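One structure below.
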Amino acid sequence: MHLSTIAILSRPASELYYEIDVTPYPDRLSDLFQLEFFGMKLGLENITKLLEFLGRPDRKFPAIHVAGTNGKGSVCAMLAAVHQAAGRKTGLYTSPHLVDFRERIRIDGEMISEEEVSQFLERIWPKVKELRATFFEVTTALAFDHFARHRVEIAIIETGLGGRLDATNVLEHPLATVITSIGYDHTAQLGSTLEAIAFEKSGIFKPYVPAIVNCEEPLEPLFRGRAREAGAPLLFVRQAIRRSNEKGRTLWTPPFPGVHQERNVHTVRATIEMLPYRIPLKLTRKGIHSTELLTCFHGRIEPIFHPDLAKRKVDFFVDVGHNPQAFDAVGKFFASRKGKRKPIVVAGVMKDKDVDGILASIKKFASSFIAVQAKTDRALSSATLHAAAGRAGIASLNGGAVLDGLAQAFQRAQRGNTVLLTGSHYVVGEFLENFQQGGRVFMV
């Protein structure tokens, strides 16, 4: 790292930028990703010190804070799209990314620039080294600093892991807190029961801040107690759905496929109704329906078109689901496609996931299975996944690398077949990067 001259430009203090002789973006980004080797560290001490070093940018914009096992990415994207449709300058912070790190931090759908990432990291790196801050802590500080500098009118913030001890929970006075769902994931960090997981996620509740919760009825008493302890007004999505039905409103079409997305739409609508400002229904509808266009959000049972596949009448979908609950939702979607054959499923998973639970779900809706391995140290080997699929009674192949396994699926696919690529952001991201660069994975 080197830091030579710093010239302060004539801008308001809240938008202070620096001309810095910075390390090139690829090298600086590599430094950031090296922090992943330190693993994750739950707690707010480091992120608080980073933000204090930056002048507490987290206190300079209003936010909506979203947690949940599944659906939080979709809900965040829809909330951002609604605010964009309403004309508000909107920040969106989600994780992980698919292809480009900068996908995590957007304003009105536009990714943070490489220059801004490099300048920020150059400025904060001595503090990062001093604190031994984690990848997610630094990335969260980057997002908050970016939103403050660009004076967003609202920021939609997705938690990384859990809620109570997640770095994003440094937000002190969000406009609303949202729980999208409760399921089994990250049990080593959050607990092995739904009650323990719900406890951690409800840690984002704040005094006098509306809490909107989508959960099954058995967990409602826990959330009532947690909201009461925090002093937070509480609304269950189930209540909002009933209220909506009583008013005779028809269900809005979700922007992404799957019955589970209907619940996410209700969560978004309930959240909008609890905000301290009004967004007209027509703009809420417009934003929800335009979510993909406005936010560039991808990977949720997303159909991928390619002329080679269209000629052969082969359907192709990608989905970033990575736990049994997500796979069950995907399975319901494919079961609902009348007249369509069961899909060939190409999947890779991470080592820390519930592999047996995921395979049990895949067995219900897959015609065959090809195990693949993403290019990350976190990935379970395709051989291990293939062996586990065999023990689960699933017709399986060891596909090796993601693109190799996908090519095998396309070779096997007959007219009228469907191929699904799934298992994690890493898996789908490898395909999308190749696809965006004009890769020839389809040429079979």
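In this simple spin-label approximation, ASP404 and ALA383 carry label points 7 Å from Cα along the Cα→Cβ vector, and these lie 1.1 nm apart.
The GluC sites (Glu not before Pro) found in region 165-251 that occupy coil by DSSP, while having at most 16 further C-beta atoms within 10 Å, are GLU172, GLU216.
Normalised by the number of residues in region 166-277, the mean separation of alpha-carbon contacts (under 8 Å, six or more apart) gives a relative contact order of 26 percent.
Taking amide H atoms as placed 1.01 Å from N in the peptide plane, the amide H of ILE370 lies under 5 Å from those of VAL345, VAL346, ALA347, LEU397, each 5 or more residues away in sequence or on another chain. Greater than 23 Å separation of Cα atoms is the criterion. Which listed pairs, LYS41/LYS129; LYS282/LYS340; LYS60/LYS206; LYS60/LYS282, meet it? Pairs exceeding 23 Å: LYS282/LYS340; LYS60/LYS282.
Scattering from region 136-203 was approximated by placing one identical point on each alpha carbon and applying the Debye formula without solvent; log10 I(q)/I(0) at 0.15, 0.21 1/Å stands at -0.53, -0.91. Work out the charge dipole of region 205-360 with +1 on the Cβ of Lys and Arg and -1 on the Cβ of Asp and Glu about the Cα centre, then indicate which of ALA232, LEU281, ALA335 is farthest towards its positive end. Projecting each Cα onto the dipole axis, the largest value belongs to LEU281. Restriction of the trypsin sites (Lys or Arg not before Pro) in region 356-444 to DSSP coil positions whose beta-carbon has at most 16 other beta-carbons within 10 angstrom yields LYS375, ARG378, ARG415, ARG440.
Measuring nothing but alpha carbons in the chain and taking Rh as the Kirkwood radius, the Rg to Rh ratio lands at 0.96. Applying 0.36 nm per residue to the separation of HIS306 and ARG341 and subtracting their alpha-carbon distance, the gain on full extension is 10.7 nm.
Heavy atoms of the protein chains alone define the surface here; on that basis region 306-444 has 44 Å² accessible area per residue at 1.4 Å probe size. Sparse packing (at most 14 other Cβ atoms within 10 Å of the Cβ) combined with a DSSP loop state is found for the following chymotrypsin sites (Phe, Trp or Tyr not before Pro) in region 290-335: PHE305. Taking the square roots of 5 times each eigenvalue of the Cα gyration tensor of region 85-224, largest first, gives ellipsoid semi-axes of 29, 19, 13 Å.
The values are calculated or read from the model by the stated rules, or taken from the named source; none is laboratory data. Just so it is clear, the structure is predicted and the values come from calculations on it, not from any experiment. So basically every Cβ, Gly included, is an ideal-geometry build from the backbone, and we count neighbours across all protein chains shown. Surface areas here come from the heavy atoms of the whole protein model, side chains and all, with no ligands, DNA or RNA. Shrake-Rupley method; radii C 1.70, N 1.55, O 1.52, S 1.80 Å.
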